[in-house]
Number of protein chains: 2
Amino acid sequence: MYIRKIPLPLHCGLHLTREVLNGKWKPNLLFAIAEGIKRPSDIQKALPDATKRVLNLQLKELEEHGVVSKKVYHELPLRVEYSLTPLGESLMPIIDAMNCWGDAHRPFLERVIMQGESESVTAERKAACVYYLDKVGVE
Amino acid sequence: MYIRKIPLPLHCGLHLTREVLNGKWKPNLLFAIAEGIKRPSDIQKALPDATKRVLNLQLKELEEHGVVSKKVYHELPLRVEYSLTPLGESLMPIIDAMNCWGDAHRPFLERVIMQGESESVTAERKAACVYYLDKVGVE
DNA sequence: TCGGCGGGGGATAATTTAATCCCCGGGGGA
DNA sequence: TCCCCCGGGGATTAAATTATCCCCCGCCGA
């Protein structure tokens with residue numbers, strides 16, 4: 001595990017939560033496990049864009065942070081299952097909300113995230129954003 | 001703005017949301033702005049652990065992602081105010097939930113994130129922190 | 001005997017994010 | 001005049017996170 005040089009600001013709940021969820025695949029891992037995908041190989045299949053190396057690392061961190069637990073069944077063949085701890089379960093409303101929010105605003109977010117990768121904001125793009133935001137504001 | 005080399009996985013709402021909230025101070029910025037702290041200098045005072053440089057950068061990203069808007073009042077003296085867009089407001093339940101969750105589980109999370117004072121890692125950790133603090137000039 | 005699957009991890013490079021340093025301009029008070 | 005506040009940002013370095021590569025073991029079926 002990486003050893004921090006700069007201490008985290010812990011005085012605020014936001015930073016604590018951020019520390020737990022901070023990992024490219026951690027929200028997805030929690031989501032998958034909550035859905036009942038428990039075995040490492042199944043998790044890897046559910047998240048094909050991530051290498052199993054990274055998934056193992058992030059699962060280990062989630063375990064160290066007490067939100068998932070790992071059970072090794074010493075049968076043959078060996079079986080491993082991850083599951084949410086109660087603490088992890090209490091995190092699911094947030095994960096679900098993040099998932100819904102992203103999906104709900106997908107068209108806008110995709111445009112806006114892509115635009116940063118190409119060039120600075122053009123006037124037209126800004127107009128398009130304002131238009132969309134207006135629409136969202138009505139809801 | 002930084003130009004990505006590795007494209008983000010956009011097919012999932014979780015990643016979209018993560019992209020918007022991904023920044024050490026972004027949740028805090030949103031929280032502060034939602035609380036009515038709108039002027040840059042006030043925001044900086046509210047988040048003393050962050051340099052204004054970083055805050056400006058992350059505010060700019062939040063703006064580009066359409067969750068905050070920046071208004072410049074061309075008065076004298078010059079006045080600048082940030083505010084949440086409707087899209088940003090729709091994010092607040094998540095921010096609040098993250099804040100509450102972190103606060104609610106603070107005792108446990110602090111222990112677990114610190115990795116326990118009684119572990120063997122502590123020596124290295126402490127060394128790393130001391131190194132940093134020394135560099136910064138804190139006693 | 002060989003290949004493949006399931007679970008795992010060390011070592012290192014690359015990428016991404018944050019911190020640091022130090023500058024700009026204008027204005028207002030002493 | 002000097003100094004400090006305000007809002008801002010370029011350039012660079014450090015830190016933190018991911019990706020990549022390639023290895024380990026045990027077992028099972030062909």
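With 0.36 nm allotted per residue and the present C-alpha distance subtracted, the A:Lys24-A:Glu110 stretch has 29.2 nm of extension available.
What percent does the relative contact order of region B:1-77 come to when contacts are Cα pairs within less than 8 Å and at least six residues apart?
Details: 31 pairs, mean separation 18.4, N = 77.
Relative contact order here is 24 percent.
The spacing between region A:82-113 and region A:9-27, judged by their C-alpha centroids, is 14 Å. Overall shape of region B:1-63 was characterised from the C-alpha gyration tensor. The equivalent ellipsoid obtained from it has semi-axes of 25, 13, 8 Å, in decreasing order. Mean separation of Cα pairs under 8 Å and 6 or more residues apart, divided by the residue count, gives region A:37-108 a relative contact order of 26 percent.
Inter-copy label distances for A:Arg53: 3.2 nm (label point placed 7 Å from Cα along Cα→Cβ; shortest first).
Scanning residues 5 or more positions from B:Val68 or on other chains, those with amide H under 5 Å from its amide H are B:Glu63, B:Thr85, with H placed 1.01 Å from N in the peptide plane. With label points set 7 Å from Cα along Cα→Cβ, the inter-copy distances at B:Arg79 are 6.7 nm, sorted shortest first.
The residues neighbouring A:Asn22, those whose beta-carbon lies less than 11 Å from its own, together hold a net charge of +3 under the Lys/Arg +1, Asp/Glu -1 convention.
Just so you know, all these numbers are worked out from the coordinates, no wet-lab data involved. Everything numeric here is computed off the predicted structure, so don't read it as measured data. So basically every Cβ, Gly included, is an ideal-geometry build from the backbone, and we count neighbours across all protein chains shown.
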